[in-house]
Structures are given as structure tokens and as C-alpha cells.
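What follows is one structure encoded as C-alpha cells, with my remarks underneath.
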Amino acid sequence: MSKIMAVNAGSSSLKFQLLEMPEEKLICSGLVERIQPNCMSHYFFKMDGKVVLDREVPVPNHAVAVQLVLDGIKELNIVASLDEISGVGHRIVQGGPYFSDSVIINEDVKNKIKELIPLAPLHNPAHITGIEAFEEVLPNVVNVAVFDTAFHQTMPIENFLYGTPYEWYTENKVRKYGAHGTSHAYVANVYGETVNKSLEGTKVITCHIGNGASITAVKDGKCLDTTMGLTPLDGFPMGTRSGHMDPTVISYIAGERNMELKDIINALNKESGYKGMSGLSHDSRDLEKAIEVGSKPDATDAEKELARRCRLAFDVQFKRICDYIGSYYVLMGGCDAIIFTAGIGENSAYLREKVCDRLAALGVKINKELNNDNSIRGKITNISADDAKVQTWIIPTNEELAIVRETVALVK
Ligand code: AMP
């Protein structure tokens, strides 16, 4: 028996889960947020779904955050000694061309993560800070890096190379790397286990649709293609990201709106997608609610207009999701199952129905009653209609569990 921690260090936050292994039992989870000097930060611990510790204190840096997390674990009597923690798995957003698997962290690994900072300027520095904080506070514990990009390293070059000058690839590492790899791999594996089929010879399309969203073609258990690119901005519109577009939009809008490059990239990452198109919110639930309100017979003109914009935001996204699914169907020469996961994929019956209806030409057909049944929430569910040629599944993702499993494998 051992306790393993999964850590997701962001630029000003640190999310964690502690699991008992090999039972895969969640012991506690929590978040430290607003990690920065000269301000009040906040952290909480949850056990059995309930908040058991909730405090506001100054947390000037990640080392202090890690110390608070470990102090909280002792205070809540989760461990008698921190020696019970035998490994820490760190989620790393960008592993570039260097990592096709998880690795034990050493100086070389840290140097490569640092070298890749230009490709992930917000995430990789935060990951390094998180890793170094754990190294300082728990010097005898093995730290493991689990890369969002690793699963996508099996893409053949014709699927990851952009049509740009070749030197941009060889000299500047410009290519598609993908993201959410841990989640895509996890749900594809759960599908195989659930239908009791080897992934060898199996073709699935995994749709991780949350605030960030990507789709992956998984053939024989390996990534063949994915929608995110050099960075997570690529693909289809998401909560606040635009997804792909003609790159000339950038220079054109710089002139038209007198904007700086960094502000345009910021708008494409943070002010676009659902938020930008609807003008309402990045959260799909707000858009669904506005559509419901604006569809009522007594809706005001303003409510009707808002509903139109929200419907439009969804329609643009759904169209593009279907473009990718259709192209991956062709790329793999068919598809056994489409898998929906993450916040929206798992919870929004609306998105699943609208997307699957548009995929009728592929033989996708869902059981609409089951799709709308609230009791399937959080459960692995086959929502296909009996006569569907391509199955449709909901498989809840669990990236933290996947990180912990990878960590256990390497700690051993
Ligand atoms: P994630 O990034 O995976 O945490 O997903 C966040 C997204 O999931 C947000 O847009 C939420 O609105 C959406 N979401 C979470 N729960 C629900 C729900 N019950 N119904 C519809 N969308 C949901």
C-alpha cells in the first residue's frame, strides 16, 4: 500500500489529489489558488466530496503552497508521516518531441521542460516551479512527469507537420503536438476494458470536450491524429479559444482594431469560442440556459437575440467537431466508437444529440431517451441506438487517476 499524489501546477494555482494505491481510492483532493506575493490566497481540502479545510492565508510562491498542502495532510491525520507518500506525479502540458512516455524527473528532464517554455509560456514555468517546490519540501520522494503531449507522439509526420517552411520544423520545433493526451489515452483504454476488446484492431474517436476541447483518432490504441496543434489554441472553438482559422486574421485585425500581437493572441485564447461568439459566457451551461429562456413563447426580443447568438456559438462548434470526426473516420477507414468525455462531453445531452444527429451519414445514431437520462451522469454508458453502425459512448475521464497510475508504474 502506498500513497501517491497527482499535481497540476498552474501559473498561480496548485491542484492536487492523493490516492491510496493499488486500491485507487481517492483520499483527498484540493486546490491552492491565487499563489502570488502580496495578496491573500485561498486553499481548501476535500474528503468524501466535502470541504474539510478552507482557509485564506498569504501564499507568495509554490514552495509555500506545497508546504501548506503537506501540513494540511498531516493536520487532517491523513498520514502519520509524510514518508507514506511514495511518489508525486506532475501533469506537464508540453513535452515537445522529447517525451513519448512518462518519466522520472531528473535534471535532464527539467532542462527539457524549461527548453520548451517558449511553446507553453504559461504552463511549463509553473510546472517547473511545482516540481522544484516538491523537491525542496519532500527531497526523498520520486517525482514523475506525465505529459499531455506524450500520447500524441505516435502521430506519423504527415499528420503532424504543418505546410510551413521545413526549417520551421527542424530548427524551431513548429509542428502539431496535441494536448489532453492523458485523457484521450485513458478513455480509449477504458473503452477497450469495458467492451472486453484489445485496442489492437480497434478504431475509436475520443472527444474530450470541456472548457478546453480536443478530438483524437485512436487506432490500435495509438494516436493517429489530434485536433490541438503547436498549442491548445488549435482545433475547434472551445469555451474561450477560437480554434483554427486563417492566420491572416491576426495581421488583418491588428491593423483594423489597432491591436498588439500579444493582445490578439490573448483574445484568441481567452475571449473567443463560446464566450466570444455568444457574448454571454464561456460556460456551456449558461448558453444552454439562455437558449431555453429565449425559446419560450413569451421571451423578450433581447432574450431571443441572446438565444440566437448562443445557438450560433454551439452550431459553429458542432459543425467543426463533426468536420474532425468525419475526417478521422476517413483517416482510420471507419470507426468502432465515438467516445464523449470531460465536463461538456460527459454532461451535456444537448451537445451529444446535436453532434450525433449531424453524423447520421456515418451510421452514428444514439438512443435519445438514454442520452437525456440524468441517471447516466458520471457512469460509463453506451448511448448508441440498437441499429447504430458506429457506437457512441460516454466515458468519464479521470486524468488524476491516470497520472497516479503512471507514477506508480515508474516508482516501482
Ligand atoms: P472541464 O473543462 O472538463 O472541467 O469542463 C468545463 C465545462 O463543462 C463547462 O463549460 C461546464 O459548463 C461544462 N459542464 C459541467 N457540468 C455540466 C453539466 N451538468 N451540463 C452541461 N455542461 C456542464
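What follows draws every value from the coordinates through simple rules; no lab data is involved. Note that the coordinates shown come from a computational prediction; the quantities given were computed from them, not determined experimentally. Cβ: placed from backbone, ideal geometry, glycine included. Neighbour counts: every protein chain shown.
Based on the alpha-carbon gyration tensor of the chain and its eigenvalue square roots a ≥ b ≥ c, which shape applies: rounded if a/c is under 1.5, prolate if not and a/b is larger than b/c, or oblate?
On the way: a/c = 1.36, a/b = 1.32, b/c = 1.03.
Since a/c stays below 1.5, the shape of the chain is classed as rounded.
Under the rule that an exposed site lies in a DSSP loop and has at most 10 other Cβ atoms within 10 Å, name the longest stretch of the chain with no GluC sites (Glu not before Pro) of that kind, not counting the sites themselves. Please list the in-between numbers first.
Details: sites that count: E23, E200, E260.
For GluC sites (Glu not before Pro) (loop position, at most 10 other Cβ atoms within 10 Å), the longest site-free span of the chain is 24-199.
When a/c reaches 1.5 or more, the comparison of a/b and b/c decides; with that in mind, is region 25-99 rounded, prolate or oblate per its Cα gyration tensor?
On the way: a/c = 1.77, a/b = 1.12, b/c = 1.58.
Verdict is oblate for region 25-99.
Normalise the Cα radius of gyration of region 235-344 by 2.2 N^0.38 Å (N = residues in it) and let me know the number. The partial results should precede the final answer.
Details: Rg = 16.6 Å, N = 110, 2.2 N^0.38 = 13.1 Å.
Its radius of gyration relative to the 2.2 N^0.38 Å reference: 1.26.
Decide, for region 202-287, between rounded, prolate and oblate: order the square roots of the alpha carbon gyration tensor eigenvalues as a ≥ b ≥ c, take rounded if a/c falls under 1.5, and otherwise choose prolate if a/b is larger than b/c, else oblate. Walk me through the numbers on the way to the answer.
Details: a/c = 3.53, a/b = 1.65, b/c = 2.14.
Note, shape of region 202-287 comes out oblate.
So which residue, out of R175, R285, R309, gets the largest mean-square fluctuation from a GNM of the chain using Cα contacts under 10 Å as springs?
Between R175, R285, R309, it is R285 that shows the largest mean-square fluctuation.
Taking the C-alpha atoms of region 334-396, how large are the radius of gyration and the largest Cα-Cα span, Dmax, in Å?
Values for region 334-396 (Cα only, Rg and Dmax): 10.4, 31 Å.
Assuming 1.567 mPa s and 4 °C, estimate D for region 68-158 with Stokes-Einstein, Rh taken as the Kirkwood radius over Cα pairs, in µm²/s.
Numbers: Rh = 14.3 Å.
Stokes-Einstein gives a translational diffusion coefficient of 91 µm²/s.
Just round it to a whole percent: the fraction of Cα-Cα distances in region 274-412 exceeding 27 Å.
33
Given only helices, namely DSSP H runs of n ≥ 4 each adding -39500 (n - 2.57), what is the per-residue ellipticity at 222 nm of the chain, to the nearest 500 deg cm²/dmol? Please report the intermediate quantities before stating the final value.
Working: 15 runs with 164 residues, N = 412.
Value at 222 nm, helices only, nearest 500: -12000 deg cm²/dmol.
Order by neighbour count: Y350, Y166, fewest other Cβ atoms within 10 Å first, most last.
Details: Y350 19, Y166 10.
Least crowded to most crowded, the residues run Y166, Y350.
Taking K368 as the anchor, which aspartates and glutamates have their alpha carbon closer than 15 Å to its alpha carbon, excluding any fewer than eight residues away along the same chain?
Partners found: E346, E353, D357, D386, D387.
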